[in-house]
1. Mind checking which of B:Leu523, B:Ala306, B:Leu24 is farthest towards the positive end of the protein assembly as shown's charge dipole, using Cβ charges of +1 (Lys, Arg) and -1 (Asp, Glu) about the Cα centre?
2. Choose one of A:Ala146, A:Ala332, A:Thr202: the residue whose Cα lies farthest towards the positive end of the charge dipole of region A:31-352 (beta-carbon charges +1 Lys, Arg; -1 Asp, Glu; about the Cα centre).
3. Subtracting the Cα-Cα distance from 0.36 nm times the residue separation, let me have the gained length for A:Ser233 to A:Leu351 in nm, one decimal.
4. Can you compute the helix-only [θ] at 222 nm over chain B? Use -39500 (n - 2.57) per DSSP H run of at least 4 residues, normalise by all residues, nearest 500 deg cm²/dmol.
5. So, with +1 on the Cβ of K and R and -1 on the Cβ of D and E, and no other charges, what is the size of the charge dipole of chain B about its Cα centre, to the nearest 20 debye?
6. If I model a spin label at B:Lys475 and B:Phe25 as a point 7 Å from the Cα along the Cα→Cβ vector, what separation in nanometres do I get?
7. Could you tell me what percent of the DSSP beta bridges with both partners in the protein assembly as shown are antiparallel, to the nearest 5?
8. Calculated FRET efficiency, B:His264 and B:Leu389, Cβ-Cβ r, R0 51 Å, to nearest 0.05?
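Every number in this text was worked out from the coordinates using simple rules, so none of it is lab data. Keep in mind that this is a model prediction, so the values were computed, not measured. Positions of Cβ are backbone-derived with ideal geometry, glycine not excepted, and every protein chain shown enters the neighbour counts.
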Amino acid sequence: MRWWGRAAALGALLSAAVVVPPAASGAATSPWLLDASSTGGTTALLTVAMGQRSNPANTFGEVFALNPSGQLRLVTPTGTATNGGLVLAVDATGRSAAATMPSASLHLTPVAQASPGPGPWKSALLPRALLGAPGSLSEGPLGLFAVTSDGQLLGTKTGWSWAPVHLSAARSVATRCGGTLAAVGQTASRVLVGLSCPRPGTWPLASPAGPVSVAGGGPTGPARCLRVLGTPSGFVALVAISGPRPSLVVLASNDGGNHATVAPLASLTPGQSLRSTAISTSGSVAAVVDGVHGPLLFVRRGGVLTSATLPSGSQVAVFTASGSIETVATKAGAVVVSAPSGSRWVVHQRLSVALPYGSSG
Amino acid sequence: MPGMGSRGLSNGNPVIVAAFHSALFHGLLAVVVVAMVAILIFLLLSGKVPHPLQGSWRGEPVGRRVLRLGFAVLWVVDGLLQVQPQMPIGLPTEVLQPSAATSPGWVQHVVAFGAGLWEHQPIKAAAAAVWIQLGLGLWLLLVARGPWSRLGGAASAAWALVVWSVGNGFGGIFAPGLSLLFGGPGSSLLYVAAGIVLALPEGVFSSRRFVGGQARALGAFLVVMGILQAWPGRGTWMGNDAHGQPVGAIPAMSSAMAQTPQPHLLATAVANFARAAGSAPVLFNGAAVLAMVGVGLGYLSLRPKAVRLAMVVGLTLAALVWIFIEDLGLFGGLSTDPNTMPALALWLVAAAFALRYRAPVPEAPPRQSRLAAMVAAVGAACVVAVGVLPATVATAAGGTDPILATAQNGGPQAVNFAALPFSLVDGAGHPVTMASLRGKVVAMTFLDPVCTTDCPLIAQEFKASAAALGAEQSKVAFVAVAANPIYYQQQAVAAFDAQEHLTTLPDWHFVTGSLAELRRLWLFYGVEVTAPSAGSMAVHNDVTYLFDPSGRARVVLNTDPGSSAVLRSSFSALLDAQIGQLLR
């Protein structure tokens, strides 16, 4: 081969070697949303993420209390950064707890308690990371219970300890459905553990007596218990079912928690996603769903299912002590509260929060 | 201060710049001493004043001389560029990491390793780069022939290889978009090749096989780079988009270069070139491809006229690319060398001259020259050592230069007052008093048990500092006082200890007590503790007091952990140094 032939061959070889295709990027996963509200007795609390949502260091979880007249006020517990969001728990007497999710270098969970709520808060500390789910904390007559991020259940009256009695039944259900602990709630006499069950057919709820008996067949897809709360006659729970036909259903018990019935809340169509949840000790459950044409509200209250289109930007709904419902939208540090008036939503309160931008950098 | 954000170090931090200048001045003193000793030794051995530049190059093959002197000048220029005051802090983030940004992960790891070494000892590393490159330049400049000159070539190749791999991300050869016009495959690779050739016996320049092979290697390199430049799908044939914005590789590079700080005349010329290249990309890239391939084929042919013509065309291309695309290699950020074209130009001339002026096997240089060469080479090696030794010793010892913490937080402040007595409990409920710590050096800071940013980092700094103390750790007590008006209970400090694994430290006490007792301590030590609302963590000063064994406060340190692990490591080193002084 002549010199130019060798040169051309070498050139082609080296050129092919250095033409490197770009690496493929991985798919992003979306975080679990903590925006939620809880209403117990005369206490109605909601938590919502505010600030620069694209920057975790400048996103702050804030807690608001809705008084019986429907007026919102800021009651975020002080003393720790809320960049990881908060989880709320309320019982029928108004006893309240707000757990600040760990963030950045903190792996503990500061907890603020009030009896009756909201505030003044009394500080406590869960010496582990709380599970990042709106139903992972429960306040009530049996004490404060928490589901931790490593799948444990802790309970306290005087100090945190394991809750093996409550856990054993939940574990048996978890084994059956291949799932993990996802939520906790309590009636007057028993702790209820919600699960996330990837295997269809099992309702994701257990009491110390075993799986909660639900009338009718099991869920048709993987099911996750989002919220569970004690009511005067039993409990109410919100369950998300995924799979080809995703939906939200409500499990309700009126016999102290032994048996439950299932009722639909919403069927999610393509393009719709759950944004936040609301639950009340009166047995009412609501969900805000982001849709193609804006947010939608689905409410199950007193056995009646209603739905409505919400004002643009609505993030979370909250039941007032009187049983009506309001919605909250935020933008940066501004909060807008709307209430239904006929077939429309009317803004009846605006307030602003001085967010501590840059405080967690 | 937790809750107030942290800051990093700027390239022009005055403490760092002053320390860099001081290191260079001390190095300069050492170099002057080395030069005087070298002259003295030569005088003693030969009885004459040395003239290393006079006549010592006689008999050196012309092609070799071009490479030696040319790359000597480039090393001196590179060394002087390293004197820029932004170099200690700026080089890792502005030069090293960007050089590998689009390369595969393993290349980024190699570069990150080098950047990490530099970041931990930035002053010594930056000074080392100056003296190594000036030393190599002097070595090649002063030592023309013989084994000492060849050793200089080998040293030059070795350092250039380090620069090419760790400092230059292998010249981008593993990254997409490699182009000779944009500096690929790295000027330092051409330095490596020059060093290797200079390390060979001088007799090889008499061999037609060697000088022909050298020219053909250069020719093949240019043909390959020409093919790459012509390869479709790499943006080299693209110009401006519909809005006149440069999207093609050449106009985009020139346009970016035109926007960097530089003389107005040059900026205008480069901007005009970018516009022209953007409007006629096929013409410009086609000309570049033809020139590269043509010059390469000229050298591959080995025909004297073709090589001469190729050299002239190649030098013209190199000059145009250097001015209009590489922007003289000196603008557009923290420059470390004049880019690829000057080195390529040297190679074009050296390879052509080696063919044209092929000489018989040279005779050995006279004794006088050999002696001068040896003294000059050892002197130049000492200049290299002026940079290498301090950096190597500091790196081998581990740890980080405390100057970084001082640059960020200010230096230690000397104080002298008696400690405030206190009676508190630690996380396990054991009582801790100031009196119980008497006889030990005490490092006392203030931590928020539920702080999400600084406090866990400060705790880890204390742990690292304790570990570095070794056997002397038993003479030191580390104390943190709870600094949160809401979460200050024993349960909170115990949980923090567990989270940060602090209970393994033999003399660690995270203490707390009643809010009134804590407030008394905060007030005495000037620590402001507040708990703002609306989601902010509690705010307090990041400060550490050091007490001598008699219980008197002697030193105050600002404890802001900064934005990087290097700064935290630097604070631990500073804390250790201060504790060490109190222990002595």
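1. B:Ala306
2. With unit charges placed on the Cβ atoms, the residue in question is A:Thr202.
3. On the way: separation 118, 0.36 × 118 = 42.48 nm, distance 3.69 nm.
This chain segment gains 38.8 nm when fully extended.
4. That comes out to -18500 deg cm²/dmol.
5. 2760 debye
6. 3.3 nm
7. Details: 132 of 150 bridges.
Antiparallel bridges: around 90 percent, rounded to the nearest 5.
8. Taking R0 as 51 Å, the efficiency between B:His264 and B:Leu389 is 0.70.
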